[in-house]
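J.: Next up is a structure, given as C-alpha cells.
The values are calculated or read from the model by the stated rules, or taken from the named source; none is laboratory data. Since we're looking at a predicted model, the values are computed, not measured. We place every Cβ from the backbone using ideal geometry, glycine too, and count neighbours over all the protein chains shown.
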Amino acid sequence: MKDEIIDVWSQRSQSYSKVVQGGMASTYESRGWQEIFTEAMGPGKHKVLDVGTGPGVVAFLLAQLGHEVTAVDLSEGMLTEARQNAVKYGLDIRFEKGDAENLPFPDCSYDIVVSKYVLWTVPDPEKALSEWHRVVRPGGKVIYVDGNWTTDLESSWWRRRWRDAARLSIAFSERHHSPGGRKDFSDRVGEMLWSTHADRPAQDLDMMGKAGFENISTVHISNRRVLKGMRYFKHGYWKGNFLVSGTKASGPSEKRMGEGQ
Ligand SMILES: C[S@@+](CC[C@H](N)C(=O)[O-])C[C@H]1O[C@@H](n2cnc3c(N)ncnc32)[C@H](O)[C@@H]1O
C-alpha cells in the first residue's frame, strides 16, 4: 500500500510543486503560514524537522524565519522538486529520503517536528506519531496541519461544485492541485486510508495522547488566513485545516534543571 501511495505522490510532484511555488510567490500566503507555525512553535530559533516536505514549502518558510531545517520525504520525485526549489529560493536545507513511520534520525534529535498535509496519507498514523515523538527532544513539540480531505467534500454538495468549478478554471498542468483526497488514489487504497473514515481532529487528539504527548491541542485554521483572491477560489473549497500540537514530556534531568531556576 505504501509503495502505491508514494508512486502517486511522485507522479504528482511536478504539478504539486507548481502550486507550492504559486503559494511561495504570494506574500499573503507565505506570511500567513509563517505566522501560524510561529504561533504554535513559540519564540526563538529551533532545530526543526519537516516530515513529508513534498516540494519543500514548510521547510522554506521556516528556513526564511531563521530556523535550522531538515526535511524528509519518501518520494524521490518530491525530493527532486524540493532540491530544485531550494536552489531557486537560495535556501540551505538538508533534504533526505525518509519514511514518516520510520525516521532515519536518532532519538531526541530535534526541537520541533512539523508536518503539513501528510498524516492523512500514511498507512499507520499511530506509528508515525510515535516516531515523531521519538525524534523530538524532551520539552520539544510536534506540530502538524491536516484537513478532512474526504469528508469535507462528501458532506457538501456546494463544496463539490466549487471544486469542479475551480478545476475547470485552471490549466491541465495545475489540475492535481489539492493537498489530498482519496480520489487521487485507487479505490482500493482510498478505501484503506485511515483518514477516509476518521473523525478528525478528534481522532488526532486521541492518537497524540497514545503517542505520549502532553499539552495536546488543536486549532481550526480558516482558509481565509492563508488564501485570497484567485488562490482562494482555486484552493479554498475545503472547510479549512486544523493544526494539532503536543509537547514531549521533559526528562527527569531537565525537570531538575528547571526546578533550581
Ligand atoms: C500533500 S503532500 C504535502 C507536501 C507538503 N508538506 C505541503 O505542505 O504541501 C504529502 C507529502 O507526504 C509525502 N509522504 C506520504 N507518505 C509519506 C511517508 N510515509 N513518509 C514520508 N513522506 C510521505 C508525500 O510523498 C508527499 O510529498
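J.: If a residue counts only when it is modelled with pLDDT of 85 or more and in contact with a Leu (Cβ under 9 Å, 6 or more places away or on another chain), which helices (runs of 4 or more DSSP H) contained entirely in segment 180-261 have at least 1 such residues?
T.: Details: elements: 187-192, 202-210, 229-235, 252-259.
In segment 180-261, the matching helices (runs of 4 or more DSSP H) lie at 202-210, 229-235.
J.: Continuing with the same structure: What single numbered condition from (1) at positive phi; (2) buried (at least 21 other Cβ atoms within 10 Å of the Cβ) fails to hold for Gly139?
T.: Unmet for Gly139, out of (1) at positive phi; (2) buried (at least 21 other Cβ atoms within 10 Å of the Cβ): (2).
J.: If I ask for residues that are surrounded by fewer than 24 Cβ atoms within 10 Å (Cβ to Cβ) and assigned to a helix (DSSP H, G or I), which ones from segment 32-59 would you list? First the steps, then the outcome.
T.: First, pick out the residues of segment 32-59 that are surrounded by fewer than 24 Cβ atoms within 10 Å (Cβ to Cβ): 32-47.
Gly32, Trp33, Gln34, Glu35, Ile36, Phe37, Thr38, Glu39, Ala40, Met41 - these are the residues of segment 32-59 that are surrounded by fewer than 24 Cβ atoms within 10 Å (Cβ to Cβ) and assigned to a helix (DSSP H, G or I).
J.: Within segment 100-136, restricting attention to residues that are assigned to a strand (DSSP E or B) and in contact (Cβ under 8 Å) with a residue 40 or more places away in the chain, which residue is farthest from the ligand (Cβ to nearest atom)?
T.: Once the filter is applied, the top-ranked residue is Asp111.
J.: Still on this structure: Which of the following residues is more than 22 Å from Glu68 (Cβ to Cβ) and out of contact with any Cys (no Cβ under 9 Å at 6 or more places or on another chain): Met1, Met24? If you could, list the steps in order and put the result at the bottom.
T.: Details: Met24 fails: more than 22 Å from Glu68 (Cβ to Cβ).
Checking each option against the conditions leaves just Met1.
J.: Output the residues belonging to segment 1-31 that are more than 13 Å from the ligand (Cβ to nearest atom) and in a helix (DSSP H, G or I). So that I can check it myself, show each step before the final result.
T.: Here is the first cut: in segment 1-31, the residues more than 13 Å from the ligand (Cβ to nearest atom) are 25-28, 31.
Correct list: Ala25, Thr27, Tyr28, Arg31.
J.: On to the next question. In this structure, is Glu81 more than 14 Å from the chain's Cα centre (by Cα), within 12 Å of the ligand (Cβ to nearest atom), surrounded by 21 or more Cβ atoms within 10 Å (Cβ to Cβ) and more than 24 Å from Leu243 (Cβ to Cβ)?
T.: Yes: the conditions hold for Glu81.
J.: On the basis of being buried (at least 20 other Cβ atoms within 10 Å of the Cβ), of a type outside the set (Ser, Thr, Tyr) and within 16 Å of Val145 (Cβ to Cβ), does Ala100 make the cut?
T.: Here the answer is yes, as Ala100 does meet what is asked.
J.: Related question: Can you tell me how many residues in segment 53-78 are touching a Lys or Arg at 6+ places or on another chain (Cβ under 9 Å) and more than 11 Å from the ligand (Cβ to nearest atom)?
T.: Count: 6.
J.: Within segment 39-52, which residues are in contact with a strand residue (DSSP E or B) (Cβ under 9 Å, 6 or more places away or on another chain) and either near the ligand (Cβ under 7 Å from one of its atoms) or at negative phi (or both)?
T.: Glu39, Ala40, Met41, Lys45, His46, Lys47, Val48, Leu49, Asp50, Val51, Gly52
J.: Do we have Thr70 as in contact with a strand residue (DSSP E or B) (Cβ under 6 Å, 6 or more places away or on another chain), polar (S, T, N, Q), assigned to a loop (DSSP other than H, G, I, E, B) and crowded, with 16+ Cβ neighbours inside 10 Å here? Quick ask: steps written out before the conclusion?
T.: Values: in contact with a strand residue (DSSP E or B) (Cβ under 6 Å, 6 or more places away or on another chain): yes; polar (S, T, N, Q): yes; assigned to a loop (DSSP other than H, G, I, E, B): no; crowded, with 16+ Cβ neighbours inside 10 Å: yes.
So Thr70 fails the test.
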